[in-house]
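Chemist: Got a structure for you, written out below as structure tokens; questions coming shortly.
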Amino acid sequence: MSTIYILWLRQLKRYFRSKSRMIGSLGQPILFLVALGFGLGPVYEKAGGGNYIAFLAPGIIGMSILFTAMFSGIEVIWDRQFGFLKETMVAPVSRFTIMFGRTLGGATVASLQGCVVFLISLAIGFRPLSFVTLPLAFVFMFLIALLFTAFGTALASRLDDMQGFQLIMNFVIMPIFFLSGALFPIEGTSKVLGVIASLNPLSYGIDGLRGVLIGVNHFGLWTDVGILSAVTLAFLGLGSYMFSKIQI
């Protein structure tokens, strides 16, 4: 447990020491919230969809968590290049413990990022259905963060350079985000998009956030919790396996 705590704390220190990273990571969510929320809001409302900012905010919170969680995997490559990973690997603890500690730290950072975007959403006019359900919303945020931090770590375990990781991440992240229903309702879309969204784990995280924040669900809250939890466990297993095979 002490090893997990040390690695978790190290990830948090990295995040809070990098002021430029903290501020820069908020640029894209703010742009999406303002440009899309106020730009497409009147069109969405005239089409009978209601308040677009209320619909959009959970999706942008999920996007912020997704990007932060996935890119936390780059720290595996960074630590490998500068020798810190080798020092960690020779510690008398299992590699699963090391991977879980790093993943837990990255997921905590991504969840904090989601909370900051949630506060920004409140500032531009988003109002949740009830503040009583906020703890459950934080549970969904953490599950999304844990899932994609584990996924990012698994991919980083198979790569040697940061440039290759960034290219692959962009190739993976953008389809996951845009095909999750974060920006548009899944209801009424083509069958192909509906099937793709149902296979996308982020869809269930964002759908769960919408359910607890604004009372709108596509899959159902229990379905969201069940599938998201199952996929998170699967990716933790995959991430730990690939991390155990890493060459240092």
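Chemist: Quick check on PHE171: is it touching a residue at least 24 places away in the same chain (Cβ under 8 Å) and aromatic (Phe, Trp, Tyr)?
Modeler: no
Chemist: So which residues in region 175-195 are over 14 Å from GLY62 (Cβ atoms) and among the hydrophobic types (A, V, I, L, M, F, W, C), if there are any at all?
Modeler: VAL192, LEU193, VAL195, listed by residue number.
Chemist: Mind checking which pairs have a first residue in region 114-136 that is loosely packed, with under 12 Cβ neighbours inside 10 Å and a second that is assigned to a helix (DSSP H, G or I) and not acidic (Asp, Glu), Cβ under 6 Å, 6 or more apart or different chains?
Modeler: Pairs that qualify, where the first residue is loosely packed, with under 12 Cβ neighbours inside 10 Å and the partner is assigned to a helix (DSSP H, G or I) and not acidic (Asp, Glu): there are none.
Chemist: Ok, one more. Criterion first (surrounded by 15 or more Cβ atoms within 10 Å (Cβ to Cβ), at negative phi and either at pLDDT below 90 or under 14 Å from the mean Cα position of the chain (by Cα) (or both)) does MET242 satisfy it?
Modeler: Details: surrounded by 15 or more Cβ atoms within 10 Å (Cβ to Cβ): yes; at negative phi: yes; either at pLDDT below 90 or under 14 Å from the mean Cα position of the chain (by Cα) (or both): yes.
Yes, satisfied.
Chemist: Would you tally the residues in region 91-139 being of a type in the set (Ser, Thr, Tyr) and touching a Lys or Arg at 6+ places or on another chain (Cβ under 7 Å)?
Modeler: 0
Chemist: I've got another one for you. Being among the small types (Gly, Ala, Ser), farther than 17 Å from THR68 by Cβ and surrounded by 11 or more Cβ atoms within 10 Å (Cβ to Cβ) is the filter here, so list the residues in region 160-199 that pass it.
Modeler: Matches in region 160-199: GLY164, GLY181, GLY194, ALA197, SER198.
Chemist: Do the conditions hold for GLY237, that is, is it free of Cβ contacts under 8 Å to residues at least 12 places away in the same chain and either closer than 22 Å to LEU159 by Cβ or touching a Cys at 6+ places or on another chain (Cβ under 7 Å) (or both)?
Modeler: Numbers: free of Cβ contacts under 8 Å to residues at least 12 places away in the same chain: yes; either closer than 22 Å to LEU159 by Cβ or touching a Cys at 6+ places or on another chain (Cβ under 7 Å) (or both): yes.
Yes, satisfied.
Chemist: For a quick check of your reading of the model, give me the residue pairs whose first member lies in region 184-196 and is outside any loop (DSSP other than H, G, I, E, B), whose second is of a type in the set (Asp, Glu), with beta-carbon atoms closer than 9 Å and at least 6 apart or on different chains.
Modeler: Qualifying pairs under 9 Å: GLY194/GLU187.
Chemist: Condition test on PHE184, is it closer than 22 Å to VAL117 by Cα and at pLDDT 90 or above?
Modeler: So PHE184 fails the test.
Chemist: Output the number of residues of region 140-171 satisfying the condition of being within 17 Å of THR103 (Cβ to Cβ) and within 20 Å of the chain's Cα centre (by Cα).
Modeler: Looking only at that region, the number is 19.
Chemist: Output the residues belonging to region 44-77 that are surrounded by fewer than 24 Cβ atoms within 10 Å (Cβ to Cβ) and hydroxyl-bearing (Ser, Thr, Tyr).
Modeler: Once the filter is applied, which keeps residues that are surrounded by fewer than 24 Cβ atoms within 10 Å (Cβ to Cβ) and hydroxyl-bearing (Ser, Thr, Tyr), region 44-77 yields TYR44, TYR52.
Chemist: OK, next. Can you tell me which of (1) in contact with a helix residue (DSSP H, G or I) (Cβ under 6 Å, 6 or more places away or on another chain); (2) assigned to a helix (DSSP H, G or I); (3) at pLDDT below 90 is the one GLY125 doesn't meet?
Modeler: (2)
Chemist: From the list LEU136, LEU122, LEU183, LEU112, which residue is farther than 20 Å from GLY27 by Cβ and among the hydrophobic types (A, V, I, L, M, F, W, C)?
Modeler: From the options LEU136, LEU122, LEU183, LEU112, the qualifying one is LEU136.
Chemist: Please go through region 203-230 and pick out each residue that is buried (at least 19 other Cβ atoms within 10 Å of the Cβ), out of contact with any Gly (no Cβ under 7 Å at 6 or more places or on another chain) and in contact (Cβ under 8 Å) with a residue 40 or more places away in the chain.
Modeler: Hits for region 203-230 are GLY208, ARG210, VAL212, LEU213, ILE214.
The values are calculated or read from the model by the stated rules, or taken from the named source; none is laboratory data. All values derive from a computational prediction rather than experimental measurement. Methodologically, a virtual Cβ is constructed for each residue, glycine included, from the backbone with ideal geometry; neighbour enumeration extends over all protein chains shown.
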